[in-house]
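Taking it in order: structure first as structure tokens, then the write-up.
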Number of protein chains: 2
Amino acid sequence: MQTIETLLNHKTIRNYKSDPIDDKILNTILEAGFRASTTGNMQVYSVIVTKDEQNRKELCKFHFGQKMVEQAPVLLTFCADFNRFNKWCEQRGAKPGYDNFLSFFTASIDALLVAQNVGVAAEAYGLGICYLGTITYMADKFIEFFEMPKGVVPVASFVIGYPADDPERADRLPAEGVVHYEKYKDYSPGDIDRIYEEKENLPLTQKLLEENQLPSLAHIFTEKRYTQKDNVHFSNVFLKVLKDQGFMNND
Amino acid sequence: MQTIETLLNHKTIRNYKSDPIDDKILNTILEAGFRASTTGNMQVYSVIVTKDEQNRKELCKFHFGQKMVEQAPVLLTFCADFNRFNKWCEQRGAKPGYDNFLSFFTASIDALLVAQNVGVAAEAYGLGICYLGTITYMADKFIEFFEMPKGVVPVASFVIGYPADDPERADRLPAEGVVHYEKYKDYSPGDIDRIYEEKENLPLTQKLLEENQLPSLAHIFTEKRYTQKDNVHFSNVFLKVLKDQGFMNND
């Protein structure tokens, strides 16, 4: 079944050819995205398409210099967006009540389901994608760059383009590590050892430990990749963004 | 192309046959979910599978009595989950710094991409799904029911089963209403009228206006479906959940 194969064969692509994406393909991919489920059929999201080379160059900086932003022909930015819906309500004389945290989260869910549909559709066309976590860390910069009004917050972003390499699929934890039946079954120390065993024994992991001179893969995450200091900093940036974009009027 | 067709033909299914889902199909669908992109390959999510009839009956109440929760054979609950990752870090002597808002949002993104992949995979097998927005409104109740520890918050849920009817696809706004190029182009009053025209003129809309004796579809949303009062209430419930589950230590 092609759909299942598309999903099972997902790989993050980090090197792209410069070949452009045909507008007809791009439009079909986006249409496939807009068929995703959406809360109350409100479609409280927007997508920003970046093709312009100069724009991609500037955006690459905010995305911590990840080179695929410059290299791939298209960058997509998915936003939680109540701006359009609010404007519609006001224009019809209805009073919108969507300036609160729940509404932000609802719109984020909408935007993320669209993003994933678009990603899957792109891969069905032989295109590759790479999600950029930097979109939430630097949300304030992207809001400024894209000139997003109140009610709009970027929540996901990925590049699309034709792959210039064919990497291995990334490893994943065994399913038993992430699926629960009927109740959440908390993890014993033995469960944790078993679930992470394969990942910890990968040659890639061994290489990382040597390079970083750290005692475990977990230390690579806590001390190098996703440190408390960075997480706290970006939490406050993002919470300020929610306030500034009008999503924190919770009383 | 089957994948694109699967995506374009998505319909929310609200009536289900009682036929069970074969475990092999369910496992393949879940595996397809776990191939979704995940931040730093941390897989900070969990899925809870509910098949038990009594559990579905009880959960139906928390889902505002939406009958498909009782009717469909499987209910899936997708959680932002740093519990497993934190336990792993601690067991290896690394100090996790994931008790903050950014980490919650990162884990939510992870969980939502998995959810959407699982939904698409289910539809490829001829199954139907229906997302339940109630999962975030009643997050505190679901945490209690499923016995979720700190670090775990449910962010999406849907039922899966074999469709007992074949509804029309839902309407969607024209693509021009949700796509922006290079910069966010804010909406003029004329844009809003044009974007919402088709939706406002649907027979379904006319029926709703008559039934509710309201002047516009926008009023149906603001006064009936998603009111400010409810949104503020559920914002506070959800923010308290984030605090209680250990995701609001932002300093």
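Throughout, read-outs are computed from the coordinates displayed, never taken from laboratory work. This is a predicted model, so every value here is computed, not measured. Cβ placement follows ideal geometry from the backbone for every residue including glycine, while neighbour counts extend to all protein chains displayed.
As an exercise, identify the trypsin sites (Lys or Arg not before Pro) in region B:75-179 lying in DSSP coil whose Cβ has no more than 15 other Cβ atoms within 10 Å.
Answer by residue number: B:Lys150, B:Arg169.
Based on every Cα atom in region B:176-251, Rg and the maximum pairwise Cα distance Dmax equal 18.4, 52 Å. Summing -39500 (n - 2.57) over the DSSP H runs of n ≥ 4 in chain B and dividing by its residue number, what mean residue ellipticity at 222 nm do you reach, to the nearest 500 deg cm²/dmol? My calculation for chain B gives -14000 deg cm²/dmol from helical runs alone. Extension gain, A:Asp19 to A:Leu204, is 63.5 nm, computed as 0.36 nm per intervening residue step minus the present C-alpha separation. Using a Gaussian network model of chain B in which every pair of alpha carbons under 10 angstrom is joined by a spring, one finds that among B:Phe145, B:Phe78, B:Phe62 the greatest mean-square fluctuation is at B:Phe145.
Spin-label model, B:Gln91 to B:Glu197: label points 7 Å out along the Cα-to-beta-carbon direction sit 6.1 nm apart. Shape index of the protein assembly as shown: Rg/Rh, with Rg the Cα radius of gyration and Rh the Kirkwood radius from the inverse mean 1/r over Cα pairs, equals 0.94. The magnitude of the dipole of chain A, with charges of +1 and -1 set on the Cβ of Lys/Arg and Asp/Glu and taken from the Cα centre, is near 620 debye.
In order along region B:31-40, the Karplus-derived 3J(HN,Hα) couplings, from 6.51 cos²θ - 1.76 cosθ + 1.60 at θ = phi - 60°, round to 4, 4, x, 6, 7, 4, 4, 9, 4, x Hz, and Gly and Pro are given as x. Report for chain B the percent antiparallel among DSSP-assigned beta bridges with both residues inside it, nearest 5. Restricted to chain B, the bridges split so that about 95 percent are antiparallel.
Shown is the FRET efficiency for B:Lys240 and A:Asp244, computed with R0 = 30 Å from the Cβ-Cβ distance and rounded to the nearest 0.05: 0.85. Modelled this way, with points 7 Å down the Cα-to-C-beta line, the labels at B:Thr12 and A:Lys57 are 4.5 nm from one another. Note on chain B: with a GNM built from Cα contacts shorter than 10 Å, the maximum mean-square fluctuation among B:Pro149, B:Pro96, B:Pro174 falls on B:Pro174.
A label point on B:Phe64, set 7 Å along the Cα-to-Cβ line, lies at 3.8 nm from each of its counterparts in the other copies, closest listed first. GNM on chain A, alpha-carbon springs under 10 angstrom: the most fluctuating residue among A:Gln213, A:Gln228, A:Gln116 is A:Gln213. For the protein assembly as shown, the dipole from Cβ point charges (+1 on Lys and Arg, -1 on Asp and Glu) about the Cα centre works out to 640 debye, to the nearest 20. What does a probe at A:Lys185 reach in region B:79-122, counting residues whose amide N is under 16 Å from the point 7 Å along Cα→Cβ? Flagged as within label range: B:84. In nanometres and ascending order, the distances from the B:Lys185 label point to those of the other copies are 5.4 (point 7 Å from Cα along Cα→Cβ). The fraction of all Cα pairs in chain B landing in successive 10 Å bins from 0 to the largest distance is 7, 24, 32, 27, 10, 1, 0, given as whole percents. Counting every other Cβ atom within 10 Å of each residue's Cβ, A:His63, A:His10 order from fewest to most as A:His10, A:His63.
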